[in-house]
There are 2 protein chains.
Amino acid sequence: MDTKKPQQYFREHKNDFLSKLKELVAIPSISADVEHADDVLSSAEAVATSLRSIGLDNVKLLSADGGKPAVYGEWLKAGSDRPTVLLYAHHDVQPTGEREKWHSEPFEATERDGRLYGRGAADDKGGLMMHLAALASYLESGEQLPVNVKCLFEGEEEIGSPTLGAILEGNRELLQADVMILSDTENFAVGIPGITTQLRGLVYCSVLVAALEKPVHSGGWGGILPDAALGLSKLLAKLTTDDGLIAIPGIYDEVRLLPEEEKQAIRELPHDVEAMKRHAGLLADVEFCGRDGCAPGELIWHQPHLSVNAIQASSRKQVSNIIVDEAWAQVGVRIVPDMSPERSLKLLVDFLREEAPKGFRVTITPHGSVPWWRTDTTHRAFRAAERALERGYGVKPVYMGCGGSIGFVEPFEKVLKAPALLIGVEDPETAAHSWNESLHLADWEKGVSSMIELYAELAE
Amino acid sequence: MDTKKPQQYFREHKNDFLSKLKELVAIPSISADVEHADDVLSSAEAVATSLRSIGLDNVKLLSADGGKPAVYGEWLKAGSDRPTVLLYAHHDVQPTGEREKWHSEPFEATERDGRLYGRGAADDKGGLMMHLAALASYLESGEQLPVNVKCLFEGEEEIGSPTLGAILEGNRELLQADVMILSDTENFAVGIPGITTQLRGLVYCSVLVAALEKPVHSGGWGGILPDAALGLSKLLAKLTTDDGLIAIPGIYDEVRLLPEEEKQAIRELPHDVEAMKRHAGLLADVEFCGRDGCAPGELIWHQPHLSVNAIQASSRKQVSNIIVDEAWAQVGVRIVPDMSPERSLKLLVDFLREEAPKGFRVTITPHGSVPWWRTDTTHRAFRAAERALERGYGVKPVYMGCGGSIGFVEPFEKVLKAPALLIGVEDPETAAHSWNESLHLADWEKGVSSMIELYAELAE
């Protein structure tokens, strides 16, 4: 399959696609904020218009159960002997967080030092525009698009894809494909493409330790009242060992042991530890927590991890000499193959219940779970992706994990039963979900170029 | 000394004094709020006007170092063979807290079920009006006031009396007296008067455990980053034993052992434990923390106590799946005779430093200390107070401690070197500093009646 014409078309028109991306970024499609419901709809309509304009057919909005609209479009003229590829991205974005922390307007995409800054510039309007640009480069260059294509660009990924399962179930035939390309993940580093084959899951709950109807004066009462802040601290302190291992008995029982060659492969990845420290924002006098012989990738991708996401008892702003009435925390455990989400959540909740300090009213509220996901890479689509990414980036891609949990991958695999290629355009400096989110423009171009190659590779 | 005429005058005019109290409550003299600076001045002027109107001389506002005004007034015509009594109360008040929790307007004193509700109705405009009513009942009934009197009604007690020491130092001769009556403490129970002879002190500090410049995604980073929320929890958990004793080595070394007869005397006080639970707002399924053979008074008045007044890492409102950048807490220790504030604060700070979790940036900030206070009761003024209170209330007064810390008592004793009678009009249901503060009206009348007796007793 010849990709010269679409590649050339893209080189000549990349600024047009970037302009379109900037237009998309200008729509504050924050799915978590009811006040931006109209913007989510506007961004869906803008995406639909773009899909129509590059020649896709049957473009329409799909939604289910009152959820936010996904955009569908297809091009099925490659012939029935060619595979059908389903492209996924999402057009909704995170809230901006503190506006004053942004160096430029979040909804005014701004180029600086080879990056495009703006909310959604990378996550995931950048991913969406990668597909759109690659498709357009075929359809508008006169070269035949070598595969049949279906696009599903979701509108509620940032709130956990609550109705995506229903959309997939309700449109099973419409969406059926031979292979899926899901673009919402990270590359290993700037210039080094990644294919994500494993995601951690998540179970989490909150715990409330209470003793009083209201805070009281610590002088007047200190000595006979239970101290909920201390009670909660003692409970949380039991959750991990001083080495940072989870101290819940049995929690590691189901963890799949990583074969030595896989550990070795992760150790050999070009982890740039100093750059990672910068991206994590580690304070100057603080170090990573390591374990002997474990590369960061092994700890983040393949080991479970417990974190206390928030604690509050009274507040820093309103502190006074009181005995607090109650103390609250949220605890989350990232889970890995082969940990059962149900069992993991139960172990966490039971541990908190059993170790709960005596003499308080302790309430544990399980909040939910997301399963881990892992794919095997024997399907030939992975070989196609390896070749395409190497051609687009000039270096071999890295098979990698992702420490976070992405809710949408499992429903796709379950309903559509096709191999899933997780290929994204974010890099470790992207700061998705944080302030000053940005897209690395050279990597984005390499991503589009790779997709042009990948459509061709998948057709072989 | 005959108190019949002033007692009768008070009985006949008590509603006039209550009206004056209501007028004072209507002035929102919140010393902590700069926006109410004018109101603090207005309340000082209103108090000065009242003092003048009942016949006090040399009435003026005293202030130092730009602090809030205290009101001074004197009546020195009893003769040089009669003692001089210095009366202390304060005219500033606490902020209201959440307005919607009040059942009536905080600055509109409202009678309900034998109590007067309003901010400052008890703490301490009620105490101030007790003195004013007792003095007026002498001066306006035609009966000779049996002692020389000086009044000092402070305007910044609720912010820790920052310039009171300077006012006292600067007016040492003006304020010199043979005995002081400081009215800002509690009675033991409704109908049972108290003479407070001991106050706990306080030392406190904050602790900040930090690792990151900003919070980061717990999926993306969980496994290699230190968790400040867990680090802080582990540190706080070490501060006390599971029995609620302070676990800082050496902290109990200086605690004065209570003689068995004093312990026994406290056990014999009519502690109404069920009522105390109600006042503390204990949840239905929660109990007091006790120790074998210790009455609540022993634990609250005579034992040190550590509390964690607030913890915050992220917040309950903004929780998300992050690793927090930092976690913060304030820790306070109430100290008792003979604990040195400096040593106690150093032990607390050193313990937090030494036990600080490794791998974080830990900052301990000492915030200050208030010494404990204890008086001996051999001075004949205490016998006078016993007799006067028994006559006013119809029952013998209770010698009691106070678990809280009152900053103004020490400077008074140090500068004026006179015995200090701590006698107040609050009762355990008063809810000073909280919403729905109230004055028990029958106890307030008994308080005024006791003061009329006390001035006479002190003259004997």
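The values are calculated or read from the model by the stated rules, or taken from the named source; none is laboratory data. Since we're looking at a predicted model, the values are computed, not measured. Please note: Cβ atoms are built from the backbone with ideal geometry, for glycine as well, and neighbour counts cover all protein chains shown.
A few remarks follow.
- So B:Glu262, is it of a type outside the set (A, V, I, L, M, F, W, C), loosely packed, with under 13 Cβ neighbours inside 10 Å and either modelled with pLDDT of 95 or more or outside the structural domain of B:Pro357 (by TED's automatic domain parsing) (or both): no
- Which numbered condition B:Asp2 misses (of (1) farther than 20 Å from B:Gly126 by Cα; (2) buried (at least 20 other Cβ atoms within 10 Å of the Cβ); (3) not polar (S, T, N, Q)): (2)
- Scanning the stretch B:31-65 for residues that are among the β-branched types (Val, Ile, Thr) and assigned to a strand (DSSP E or B) turns up just one, B:Val59.
- Selection from the stretch B:52-81 of residues that are more than 19 Å from B:His36 (Cα to Cα), of a type in the set (A, V, I, L, M, F, W, C) and touching a strand residue (DSSP E or B) at 6+ places or on another chain (Cβ under 8 Å): B:Leu56, B:Val59, B:Trp75, B:Leu76, B:Ala78
- Test: residue in the stretch A:405-415 that is modelled with pLDDT of 95 or more and basic (Lys, Arg): no
- Beta carbons closer than 8 Å, at least 6 apart along the sequence or on distinct chains, pair a first residue in the stretch A:219-236 that is more than 7 Å from chain B (Cβ to nearest Cβ) with a second that is acidic (Asp, Glu) and part of a loop (DSSP other than H, G, I, E, B) for A:Ala228/A:Asp325.
- Flag for B:His305 being touching a residue at least 24 places away in the same chain (Cβ under 8 Å) and facing another protein chain (nearest Cβ under 8 Å): yes
- Hits in the stretch B:139-156 (condition: touching a Phe, Trp or Tyr at 6+ places or on another chain (Cβ under 6 Å), of a type outside the set (A, V, I, L, M, F, W, C) and buried (at least 22 other Cβ atoms within 10 Å of the Cβ)): B:Pro146
- Residue check for A:Leu21: in the same structural domain as A:Ser141 (by TED's automatic domain parsing), hydrophobic (A, V, I, L, M, F, W, C) and within 25 Å of A:Asn148 (Cα to Cα): yes
- Restricting the stretch B:205-218 to residues that are more than 7 Å from chain A (Cβ to nearest Cβ) and modelled with pLDDT of 95 or more, the residue that is nearest to B:Leu345 (Cα to Cα): B:Cys205
- Among the residues of the stretch A:189-204, those that are part of a loop (DSSP other than H, G, I, E, B) and more than 11 Å from chain B (Cβ to nearest Cβ) comprise A:Val190, A:Gly191, A:Pro193.
- Qualifying residues in the stretch A:277-291 (those that are within 8 Å of chain B (Cβ to nearest Cβ), of a type outside the set (Asp, Glu) and in contact with a helix residue (DSSP H, G or I) (Cβ under 9 Å, 6 or more places away or on another chain)) - the one nearest to A:Ala189 (Cα to Cα): A:Ala280
- Complete set of residues in the stretch B:261-286 that are of a type in the set (Val, Ile, Thr) and assigned to a loop (DSSP other than H, G, I, E, B): B:Val286
- Restricting B:Leu128, B:Leu87 to residues that are buried (at least 21 other Cβ atoms within 10 Å of the Cβ), in contact (Cβ under 8 Å) with a residue 24 or more places away in the chain and assigned to a helix (DSSP H, G or I) narrows the list to B:Leu128.
- Candidates B:Gly160, B:Gly170, B:Gly191, filtered to the one that is assigned by TED's automatic domain parsing to the domain that holds B:Gln94, at pLDDT below 95 and surrounded by fewer than 24 Cβ atoms within 10 Å (Cβ to Cβ): B:Gly160
- Scanning the stretch B:311-342 for residues that are within 29 Å of B:Phe188 (Cα to Cα), in contact with a Lys or Arg (Cβ under 9 Å, 6 or more places away or on another chain) and surrounded by 20 or more Cβ atoms within 10 Å (Cβ to Cβ), we see that the one that is farthest from the other protein chains (Cβ to nearest Cβ) is B:Met339.
- With respect to being among the small types (Gly, Ala, Ser), part of a helix (DSSP H, G or I) and within 14 Å of chain A (Cβ to nearest Cβ), B:Gly244 falls outside the description.
- Matching residues in the stretch A:385-415 - criterion: being in a helix (DSSP H, G or I), surrounded by fewer than 19 Cβ atoms within 10 Å (Cβ to Cβ) and of a type in the set (A, V, I, L, M, F, W, C): A:Val415
- Scanning the stretch B:31-49 for residues that are buried (at least 24 other Cβ atoms within 10 Å of the Cβ) and touching a helix residue (DSSP H, G or I) at 6+ places or on another chain (Cβ under 6 Å) returns a single hit, B:Ser31.
- Taking (1) free of Cβ contacts under 8 Å to residues at least 12 places away in the same chain; (2) within 8 Å of chain B (Cβ to nearest Cβ) in turn, A:Glu261 satisfies each apart from (2).
- Looking only at residues in the stretch A:343-384 that are under 21 Å from the mean Cα position of the chain (by Cα) and of a type in the set (Val, Ile, Thr), the one that is surrounded by the most Cβ atoms within 10 Å (Cβ to Cβ) is A:Val370.
- Residue within the stretch A:91-112 that is over 17 Å from the mean Cα position of the chain (by Cα), over 22 Å from A:Ile27 (Cα atoms) and either in a strand (DSSP E or B) or in the same structural domain as A:Val179 (by TED's automatic domain parsing) (or both) present: no
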